[in-house]
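Before any comments, here is the structure.
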Amino acid sequence: MEETMRVLLVEDSNRLRAAVARALKRTGYVVDEAEDGEVGLWRAREFAYDAVVLDLMLPKMDGLEVLATLRGEENRVPILLLTARNTVEDRVAGLRGGADDYLGKPFALEELLARVDALCRRRFDHPSTCIRVGDLEIDTDRRTAVRGGTTLDLTPREYRLLHVLALQPDKVLERPELEEHLYDDLASPMSNVVDATVYQLRRKLKAAGEGTPMIQTRRGQGYVMEAS
């Protein structure tokens, strides 16, 4: 699963929202929650998400209105619609409105996780669950990272940071962008957490890869994983 990814879950049922959030977090996602359409729309506008799980029948503003507003503002975040109104007309309305996928209630949590995973991988143009950068290979299903045949012993935070850097090789990522993939909106990020995590990753990557660290600092900008 896409463990570095940040997901917004908009669902008015407290019980269902809690169950889905737990499943996403266990898989490794950073999850923000909203219980009505207005809060969901606000969060989708204010924060950068890799996917949105959006119920159709919501108080204050229904899911189709949230979807239409985001697409009207050129927000292309992948959206998975959830609804008990599982008719052909409902599915067509959601997909024509700009949704990327549709899941009828009741559903199996495993199917929802698989669909969210597919949406996140599609966003970064990674149809496979395996990411390769140079001699580094990340298996997002097994949550493992191997370099030069050596399996890296990573903490969850180290894995998440390594994953998001590997998804965008040769692109400089600023610290605030990296922090977004490490914390949900209820957490208070430590000021040096990205730097400290990069330090540990470099040490482990160097030990497994004949002295080359892969992650480079761009002073005043952020960090980049070099593909070469």
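Just so it is clear, none of the values below were taken in a lab; they were calculated from the coordinates. From a predicted model like this one, the values you see are computed outputs, not experimental measurements. Every residue, glycine as well, gets a Cβ built from its backbone with ideal geometry; the counts of neighbours run over all protein chains shown.
How much length is gained if the chain between E111 and T144 is pulled fully straight, taking 0.36 nm per residue apart and subtracting their Cα-Cα distance, in nm to one decimal?
My answer for the length gained is 9.7 nm.
Nearest 5 percent is fine: what portion of the DSSP beta bridges confined to the chain is antiparallel?
45 percent
Pairs of lysines 8 or more apart, or on different chains, with alpha carbons under 25 Å: count those in the chain, would you?
Within the chain, the lysine pair count is 4.
Would you calculate a helix-derived [θ] at 222 nm for the chain, using -39,500 (n - 2.57) for each DSSP H run of n ≥ 4 and dividing by the full residue count, to the nearest 500?
-12500 deg cm²/dmol
Kindly write out, for the stretch 27-36 in residue order, the coupling ³J(HN,Hα) from the Karplus curve 6.51 cos²θ - 1.76 cosθ + 1.60 (θ = phi - 60°), rounded to whole Hz, with x marking Gly and Pro.
Once rounded to whole Hz, the list reads 6, x, 6, 8, 10, 9, 10, 9, 9, 8.
In percent, how large is the relative contact order of the chain, given Cα pairs closer than 8 Å and 6 or more residues apart?
Reported relative contact order: 18 percent.
As I understand it, the dipole of the chain uses +1 on the Cβ of Lys and Arg and -1 on the Cβ of Asp and Glu, about the Cα centre. Which of G134, G97, L16 lies farthest toward its positive end?
Comparing the listed Cα positions along the dipole, G134 ranks first.
Ordered by residue, what ³J(HN,Hα) values in Hz, to whole numbers, does the stretch 100-114 give under the Karplus form 6.51 cos²θ - 1.76 cosθ + 1.60, where θ = phi - 60° and Gly and Pro are x?
Values per residue, Gly and Pro as x: 8, 7, 8, 9, x, 8, x, 9, 7, 4, 4, 5, 4, 4, 5 Hz.
Suppose R0 equals 25 Å; then what is the FRET efficiency for W42 and T217 from their Cβ-Cβ distance, rounded to the nearest 0.05?
0.15
What is the set of long-range amide H partners of A227 at a cut-off below 5 Å, with H atoms built 1.01 Å from backbone N?
Close amide H contacts, sequence-distant or interchain: D170.
Read phi for every residue in the stretch 6-12 and hand back ³J(HN,Hα) as whole Hz from Karplus 6.51 cos²θ - 1.76 cosθ + 1.60, θ = phi - 60°, with x for Gly and Pro.
Per residue, the Karplus-derived 3J(HN,Hα) values read 10, 10, 9, 10, 10, 8, 8 Hz.
Hull surface divided by four, with the convex hull built on the Cα atoms of the chain: how many nm²?
Orientation-averaged projected area of the Cα hull: 12.5 nm².
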